[in-house]
1. For the pair Asp35/Asp166, report the inter-label distance in nm, with labels modelled 7 Å from Cα in the Cβ direction.
2. Sort all Cα-Cα distances of the chain into consecutive 10 angstrom bins from zero, then give the percent of pairs in each bin up to the one containing the longest distance.
3. Leaving ligands, DNA and RNA out of it, rank Tyr121, Tyr64 by accessible area with a 1.4 Å probe, largest first.
4. Under the rule of -39500 (n - 2.57) per DSSP H run of 4 or more residues, summed and divided by the residues of the chain, what mean residue ellipticity at 222 nm is obtained, to the nearest 500 deg cm²/dmol?
5. By accessible area of protein heavy atoms, probe 1.4 Å, what ranking do Val220, Val241 get, highest first?
6. Which residues' amide hydrogens lie under 5 Å from the amide hydrogen of Val140, considering only partners 5 or more residues apart or on another chain, with H built in the peptide plane?
7. How are the alpha carbon pair distances in the range 203-253 distributed across 5 Å bins from zero to the largest one, expressed in percent?
8. Quick one: compute a quarter of the convex hull surface over the Cα atoms of the range 129-253 and quote it in nm².
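The values are calculated or read from the model by the stated rules, or taken from the named source; none is laboratory data. Since the structure is predicted, the reported quantities are computational estimates derived from the model, not experimental observations. In this analysis, Cβ positions are derived from the backbone assuming ideal geometry, glycine residues included, and neighbour counts consider all displayed protein chains. Note: areas computed on protein heavy atoms with side chains; ligands, DNA, RNA excluded. Shrake-Rupley method; radii C 1.70, N 1.55, O 1.52, S 1.80 Å.
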Amino acid sequence: MTTIDPTALAVLDDETISAYRRDGVVRIRNIIGADEAARFRDAAVAATAAADDYSKGSAIFNQYVNVWRQDDVLRELTLDPRLAAAATALAGVPLRIWHDQVLIKPPHNGAATEFHQDAPYWPHAGSRHSLSAWVALVDVPVERGCMTFIPGSHDHQDLRRQDLADRDDMFRAAPDLRWEERLTIPLRAGDCTFHNAYLAHSATPNLTDDPRIAHVAIYVDAEATYSGAGHVVTDGLGLTVGEPLDHELFPRV
């Protein structure tokens, strides 16, 4: 775990970078300040209240994609150089934004986000590294929907997509992972986890009276190419299969 000065770029030590590359996840305390987290929380609540045109709701969570294109305050967080610097240091390759999202688990939703990997959902080819910066905009203890990871599971890079609503689907795809150690990471507002896009992870239900609110900036190798597979972020953009994601939606960081 690393704690940083929220007014400065994240300078990660070799131990933190090595732990991330070994485990596929690292927690960084205070990557943004508590006052900043409150400001972004308020912006997320306001933006998502009027965001039906770019939201996806489910029994598990409400997902609002590419909020940086719709809201100037949340754009600051998505493009924050502190997040980008930490992500680049961890990945070890140049990166671009893939997309962002606000994830809200409503109070007493009673549904877990089951174990899954992110990368199998994405239309990327040749990506050397991709990862997510999951920033807590409110305190996220276990009972409010924090994440659990299977350290080292990012070495499974040839799996199909997994069903986020099926608690056994990840383990049908990779039976060995059922018996691996799990790491649960509660966060305070302003804390962040970075996790590899192939790392198996889940989140508990929100059993509290308040929503769980997180902002996620997702980064992909700047040289990754478009595979042509369907995805809500790339559908209709006219991208060329086999070419890099050189589009204003995917700025380099």
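1. Using points 7 Å along Cα→Cβ, the separation is 4.9 nm.
2. Values per bin, smallest distances first: 7, 32, 40, 19, 1.
3. Numbers: Tyr121 65, Tyr64 25 Å².
Greatest to least solvent exposure: Tyr121, Tyr64.
4. Numbers: 5 runs with 49 residues, N = 253.
Using -39500 (n - 2.57) per qualifying helix, the result is -5500 deg cm²/dmol.
5. Working: Val220 0, Val241 95 Å².
From most exposed to least exposed: Val241, Val220.
6. Amide H to amide H, under 5 Å and 5 or more residues apart or across chains, Val140 pairs with Leu187, Arg188, Ala189.
7. 4, 15, 22, 17, 9, 9, 10, 9, 4, 1
8. Computing the convex hull of the Cα atoms and averaging its projections yields 9.0 nm².
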